[in-house]
């Protein structure tokens, strides 16, 4: 269980949240409303105030990398540190299997990052995050650049992981997706978060 108590940062007013295993909560709001600020604060990528804990363990009791393994974050524009796609995946057989379930062709792993489409890079970033087996997944517009078929595949994989206990906080502009995937919707406006 992810417990958030009065978390705040510049551009984000204090808010509290409980996210249970197997639950998906969607975050909606206009561009620039603060969705990415919220996710980055929860991933402990930017300075913030307030308490955040996972299963009763405060995030400050862990190193940043430990926290981000358990609370995975997939940004809208994922970062890549090597030219070759395969170099980002220490366990290629598992990566192939998961990528296949997301509709990504096997040959993508033979290419350079610059040769992959935006949609392929987004799905590969999701593969990379899921292979870490996080307990919580923070998704920032994970399907914004995808066609309907690819979006459905992503949603199917996320649902399957939720059935195994993954908790998901997902920012989206897609109202229909929010209705399909989430148990609750949070609205954010100028850094203020409220229940929908």
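No value in this document is a laboratory result; all are computed from the given coordinates. Predicted, not measured: the structure shown is a model, and the values here were computed from it. Using ideal geometry, Cβ is built from the backbone for each residue, glycine included, and neighbour counts are taken over all protein chains shown.
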Counting other beta carbons within 10 Å of each Cβ, put 1, 132 in order, fewest first. 132, 1
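Compute the FRET efficiency between residue 46 and residue 132 as 1/(1 + (r/R0)^6), taking r as their Cβ-Cβ distance and R0 = 22 Å, and round to the nearest 0.05. Walk me through the intermediate numbers first.
On the way: r = 20 Å, r/R0 = 0.92.
So the FRET efficiency works out to roughly 0.60.
Within 10 Å of each residue's Cβ, count the other Cβ atoms and sort 155, 84 from fewest upward.
84, 155
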Please find, in a Gaussian network model of the chain (springs between Cα atoms separated by less than 10 Å), the residue of 111, 69, 28 whose mean-square fluctuation is greatest. 111
In the chain the DSSP beta bridges are antiparallel at a rate, in percent to nearest 5, of 50 percent
Which residue, 166, 146, 126, has the most motion in a Gaussian network model of the chain that connects Cα atoms within less than 10 Å? 146
Pulled fully out, how much extra length does the chain show between residue 114 and residue 53, if you take 0.36 nm times their separation in residues and subtract their Cα-Cα distance? 18.3 nm
Cut-off 10 angstrom, C-alpha nodes, Gaussian network model of the chain. Which of 19, 42, 138 fluctuates the most? 19
Taking only DSSP H segments of four or more residues, each worth -39500 (n - 2.57), what value at 222 nm results for the chain once the sum is divided by all its residues, to the nearest 500 deg cm²/dmol? -9500 deg cm²/dmol
Please report the spacing between the Cα centers of the stretch 159-173 and the stretch 61-139 in Å, no decimals. 16 Å
Nearest 10, in degrees from 0 to 90: the angle of helix 92-101 to the longest Cα principal axis of the chain is 80 degrees
Where labels lie 7 Å past Cα in the beta-carbon direction, separation of residue 61 and residue 175 in nm: 4.3 nm
For the pair residue 91/residue 18, report the inter-label distance in nm, with labels modelled 7 Å from Cα in the Cβ direction. 3.2 nm
